[in-house]
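A short worksheet on the structure shown next.
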Amino acid sequence: MLLARFLDGIIHEGDFGLIDAGGKMHRFGNGESPSVTIRLHDRATERRLLMNPRIAAGEAYMDGRMTIEEGSLYDLIDLIGLNIEPFEDHWLSEWSAILSRLFRRIQQYNPVGKAQKNVAHHYDLSDDLYDLFLDEDRQYSCAYFDGSHDDLERAQHDKKRHIAAKLLLDKPGMKVLDIGSGWGGMALYLAQTTGADVTGVTLSKEQHKVSQQRAADAGLTDQVRFKLQDYRDEPETYDRIVSVGMFEHVGAVHFAEYFRKTKQLLSDDGVFLLHSIGRMEPPGTTNAWLRKYIFPGGYTPALSETLAAIEKAGLWVTDIEILRLHYADTLHHWYDRFMAQREKAAALYDERFCRMWEFYLVGCEIAFRRMGQMVFQIQIAKRQDAVPLTRDYITDWERAKSSDNYEETEAAE
């Protein structure tokens, strides 16, 4: 069996059992944890896993052509993460990666019309789906765990406060642009906490509808507005710009365009806070399965190529912070919440969708734990004196807003 030979060359850690389509058991690894056994139900799946494992594994799980006999999906993907280096070094994997790099520009080409279509693929799913696993504010990005607790609601609140501190919103009425405003949580928080005048832009019709309603319900329609448009079509200038979890949808071929436009949108003494998933490795490509089923047109940027694009735009990088395992913990919460509500998800869609979503959430968590994924926050300005010379102001602002803690916010609501 060719697949068994391939696996024997790359599975060195963990205890991995494979029952092939003929019912024969093959074992790989060093016998240590994690331990998992899978069954392949047809020869075609064996061939697909050998030729294109990056996409075939997820598809086989979704379709039920690969089932887990012992252990869990988490154990399986964790084991893959443990053995990712020998997998990446194998000639079959290298050949697949070369082909992917050749088509990198096409995969990440996101002009205005296509960008909206790509966003709709993921973010215009049923509102009820996201209610199953996100926090009450629907923060669909990395939370901020300070080490004192393991509460997702509080960590998402703290993420908003941490970002607000870096925006230096020290005067009421400052104009803020939220690029990729999602369901409106960040914009509403900034308006309520700092008195800012906030404009959010999104390409998701569903998110736009919800965020507008939230602003109306909060009585903030004169202070917060949301536009269903591409950021590239925004004509105004802003004191502050914030973008959380949107840069991953820009694509490397559009980085120069992105920073040229944000420079145009930013006032001369303005501050821009960019929060994005990143990779600790050099520039690469998006996982084929994730690109096909979850985030078409998406790409996790390397810090090196992001900074190069900022430099070419003639902007100052005034602060960088790397959040490492925060997103792994966030995703773990999302997965637990989703599984607790899995029957409702199946009623909204079907069993195949649920298996796809499981694979997505677990796969992304392991990517942050074992495969070099992280989150970066880059503070950007046109002038080097736009922010204080030391970082003390970030901590000072957060401490000053300590009365605006999660518990009191919840009580007020």
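All of the numbers you see were taken from the coordinates with simple rules; none came from a lab. Please read these numbers as outputs of a predicted model, since none were measured by experiment. Cβ atoms come from the backbone with ideal geometry, glycine included; neighbour counts cover every protein chain shown.
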Estimated FRET transfer efficiency when R0 is 60 angstrom, pair Glu281-Ala347 (beta carbons, to 0.05) = 0.90
What lysines could a cross-link reach from Lys171, if we take a straight Cα to Cα line under 17 Å and drop same-chain neighbours fewer than 8 places away?
-> Lys401
With a 10 Å radius around each residue's Cβ, average the other Cβ atoms per peptide and rank 244-250, 181-187, 346-352, highest first.
-> 181-187, 244-250, 346-352
Pull out the extension gain between Glu69 and Glu136, defined as 0.36 nm times the separation in residues minus the alpha carbon to alpha carbon distance; nm, one decimal.
-> 20.6 nm
Quick one: if the Förster radius is 30 Å, what FRET efficiency do Asp128 and Thr221 give, using the C-beta to C-beta distance and rounding to 0.05?
-> 0.75
Mind pulling up the Rg/Rh value for the stretch 256-413? Radius of gyration and Kirkwood radius, both on Cα.
-> 1.04
Spin-label model distance (nm) - Thr395 vs Met25, 7 Å beyond Cα toward Cβ = 5.6 nm
Find how many whole Å separate the alpha carbon centroid of the stretch 1-49 from the alpha carbon centroid of the stretch 125-196.
-> 43 Å
Cross-link reach from Lys261 to aspartates and glutamates, straight Cα distance under 12 Å and at least 8 residues apart if same chain, gives Asp230, Asp233, Glu234, Glu236
Which whole number in µm²/s is D for the stretch 115-262 by Stokes-Einstein, with the Kirkwood Rh taken over Cα pairs at 4 °C and 1.567 mPa s?
-> 82 µm²/s
Quotient of Cα Rg and 2.2 N^0.38 Å for the stretch 217-294, N being how many residues it contains | 1.35
